């Protein structure tokens, strides 16, 4: 039986993880749980799972037993933990990813920002500590599943994007979209920040950068297409021209289970079985440059390398938070990111201090741009 730590257990990915673990109790034990600030839900989870460790990360909790930002690292490095599900949203998940990998844990990574901000440092931590990085994102899980058992040369990846709620809108109308409209995702049920990132396609830019580090491909061999049905999660092309794809109805529980068990597959009754008739027609479209400016900004930051991806991520987090607080209109998200990136001088991201300084600077600069 393997011990699991769920970081961000009260968020959407965390709750899906616990749903999977509920069906797989004979194989896994929940050793540690952490939440941002949802104390009541964390307490109900603690009563159900009786973990060795539980703690809140949110402000104002540092004085409480098991409280404060350090709980993420404490949970991630707990001696009874074999697998760390990092479902923390945003830059806050980076330190826990690094600590878990250095401690030799398997990290089931839903916190894509870890690789976006500090990809080289994350890979170095895995090499030094003997840890293992397994993606939870449905697209990267699809790639991993397509690669399993195939020794051919990986030539190209095609990641799919739903296109979010504004896929068919005129670009001018999208500029003034409301919070409620941005959160109305057509195929996935996600948290607020990730839903907005899907509406801007920032999430897909982050996933392109993540794929670059996970699979060692240059950016010109990682592509994105819009696939409104969210049935095909990724295509993998090999050197001989063969293409494999992974399909399934939109649910995070399957990639979560695979991240826990890879390369083994456990039977699971909770995931909807695929029905091609019910899936219906599958369509694919190019990414609209006029609608998804944030996507192009993020991919350009990835290509620039160094601290640019960390700056893109921080500026996006700051702008999305302002939008959700109704302090800026939807269109200002891309404008803010563009202005911050233009003002940034890219530095090497070979030290954690440089990454943190880039993150801090970008957040401060974003606030100036939005004031």
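Since every read-out is calculated from the coordinates, none of them should be taken as a lab result. All values derive from a computational prediction rather than experimental measurement. Cβ atoms come from the backbone with ideal geometry, glycine included; neighbour counts cover every protein chain shown.
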Taking the chain, the whole-percent share of alpha-carbon pairs separated by over 26 angstrom is 50
Of the convex hull enclosing the alpha-carbon atoms of region 2-135, the direction-averaged projected area in nm² is 7.2
Among 82, 220, 359, the residue with the largest mean-square fluctuation in a Gaussian network model of the chain built from Cα contacts under 10 Å is 220
The computed P(r) of region 220-371 puts the percent of Cα pairs beyond 26 Å at 49
Length-normalised contact order of region 2-135, Cα under 8 Å, at least 6 apart, in percent, tallies to 22
Expressed in µm² per second, the diffusion coefficient of region 286-345 from the Stokes-Einstein equation, with Rh the Kirkwood radius over alpha carbon pairs, at 37 °C and 0.692 mPa s, is 281
Note: probe point = Cα of residue 22 + 7 Å toward Cβ; backbone nitrogen < 11 Å; residues of region 1-15 passing the test are 15
Simple spin-label estimate for residue 274/residue 80, 7 Å along Cα→Cβ, in nm, reads 3.8
Taking the alpha-carbon centre of each part, the distance from region 246-268 to region 271-348 in Å is 26
For region 60-158, Rg(Cα) over 2.2 N^0.38 Å is 1.18
So, relative contact order of the chain in percent, Cα under 8 Å, 6 or more apart, is 15
The simple spin-label model distance between residue 324 and residue 37, using points 7 Å out along Cα→Cβ, in nm, is 1.0
For region 1-46 (alpha-carbon point model, no solvent) the Debye-based log₁₀ I(q)/I(0) at q = 0.17, 0.31 Å⁻¹ works out to -0.42, -1.20
Cα-based Rg then Dmax for region 149-304, in Å, read 16.4, 48
